[in-house]
Amino acid sequence: MLGQDMKILVVDDFSTMRRIVKNLLRELGYNNVEEADDGTTAFEKLKSGDFDFVITDWNMPNMPGIELLNAIRKDPKLKDLPVLMVTAEAEKEKVITAVKAGVNNYVVKPFTAATLKEKIDAIIEKLKAG
Amino acid sequence: MNDVNWKQMVSNLKNELSQLAMYVDKTRKGMEDIESTVKLSSERFPQASNDLSTVTGDLEQAANRIMSILEGLMRDQEKVQSLLKVLTEWLQDSAIRNSDEGIGLINVIGSINSRMKDELMEILTNLSFHDLSGQKLKKVMSTLADIEKRLLELALTFGLQVDRNDPQKDMMLKELKDTPSSVTLNQDVVDKILKDLGVR
């Protein structure tokens, strides 16, 4: 289910960043949002919950965002889950790595609600078209 | 060998021994300096890491406090928007004279309220400074931990005040090398090494 009612998981080790993303999502009309503070916790939540969308940071302890993305793409049940990478890592190589790993889009921090909306909309449109 | 030659030889030997003693003393002092550096570093590196960690925590606390206030203001802003909508409808339905003028004023208040909302969202977005600066601080803490580890490795390798045949030395060195650079050394491991080095 992709749209305003979709269940989103926000993954970031900084509580403030999770809160910012949640508020931005709320502003955009997405109210069904849950949080995880690292990739390991996120992966467990994803396996046990019916999430429709993942917004994850790259730099996190235990399991970084890129490893979470790889784990999602390897899991038969989760492999098609849309993943938006939200990170301060703007290096070209990192973006290429994320794209190769199957990320759906990539946002560089700090970002506005408009940028977040643009990225989420682009992912949804592409998935609906495909 | 006559008496003069004998005295000369003893004098030369005395000079040589004296210079050798001075050299040994100088070297010993040099070693003490290294120990003192290791001691200072071992005390100050964890302190610096702790200070940076505290800064990250303080930033998080401050950012969360600001965010709580912001969330309250955003809720109020939404309420004002709803009330203005109700007021507009009420004015449109009422037979009050000059209701158009009233609606005009409501629209002005609505624009101000909308601009406030945009500014509140901008403040919220800018609070991501905490995350960005926190990540930089984490990198600095990781570098400090790495330098501390290398310094201890160096001290162990040169065996400062450590019995060269001490089997624990190799074990400790292995323990240090097995620790990933990004990980802060366990305080127990550090204390054990320092104790064996005679630094603490």
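The values are calculated or read from the model by the stated rules, or taken from the named source; none is laboratory data. This is a predicted model, so every value here is computed, not measured. Using ideal geometry, Cβ is built from the backbone for each residue, glycine included, and neighbour counts are taken over all protein chains shown. Calculation scope for accessible area: heavy atoms of the full protein, side chains included, ligands and nucleic acids excluded. Shrake-Rupley method; radii C 1.70, N 1.55, O 1.52, S 1.80 Å.
The single condition among (1) surrounded by 19 or more Cβ atoms within 10 Å (Cβ to Cβ); (2) more than 30 Å from residue B:84 (Cβ to Cβ) that residue B:124 does not satisfy is (2). Of the residues A:52, A:5, A:75, A:12, only one is in contact (Cβ under 8 Å) with a residue 12 or more places away in the chain and within 17 Å of residue B:138 (Cβ to Cβ); which? Step by step, each of A:52, A:5, A:75, A:12 is checked, and only A:12 is in contact (Cβ under 8 Å) with a residue 12 or more places away in the chain and within 17 Å of residue B:138 (Cβ to Cβ). All conditions in (1) of a type outside the set (Ser, Thr, Tyr); (2) more than 30 Å from residue B:119 (Cα to Cα); (3) modelled with pLDDT under 90; (4) surrounded by 17 or more Cβ atoms within 10 Å (Cβ to Cβ) hold for residue A:111, with the sole exception of (2). Checking each residue in the range A:71-99 for being within 25 Å of residue A:125 (Cβ to Cβ) and at pLDDT 90 or above picks out A:72, A:73, A:75, A:77, A:78, A:79, A:80, A:81, A:82, A:83, A:84, A:85. Hey, does the range A:94-107 have a residue that's open to solvent by 30 Å² or more (accessible area, probe 1.4 Å) and under 12 Å from the mean Cα position of the chain (by Cα)? Yes, there is a match, as at least one residue in the range A:94-107 is open to solvent by 30 Å² or more (accessible area, probe 1.4 Å) and under 12 Å from the mean Cα position of the chain (by Cα). The set of residues in the range A:37-65 being farther than 20 Å from residue A:98 by Cα and surrounded by 19 or more Cβ atoms within 10 Å (Cβ to Cβ) consists of A:51 alone.
Considering (1) farther than 26 Å from residue B:124 by Cα; (2) in a helix (DSSP H, G or I), say which one residue A:121 fails and leave the rest. Residue A:121 satisfies every listed condition except (1). Within the range B:129-156, residues that are facing another protein chain (nearest Cβ under 9 Å) and of a type outside the set (Val, Ile, Thr) sit with their Cβ atoms under 7 Å from residues that are open to solvent by 40 Å² or more (accessible area, probe 1.4 Å) and assigned to a helix (DSSP H, G or I), at 6+ positions apart or across chains, in these pairs: B:130/B:59; B:130/B:60; B:134/B:59.
So that you can scan it fast, the table gives a plain yes or no per residue for (1) exposed (fewer than 13 other Cβ atoms within 10 Å of the Cβ); (2) part of a helix (DSSP H, G or I); (3) more than 14 Å from every other protein chain (Cβ to nearest Cβ):
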residue: B:77; (1), (2), (3): no, yes, no
residue: B:88; (1), (2), (3): no, yes, yes
residue: B:97; (1), (2), (3): yes, no, yes
residue: B:102; (1), (2), (3): no, yes, yes
residue: B:108; (1), (2), (3): yes, yes, yes
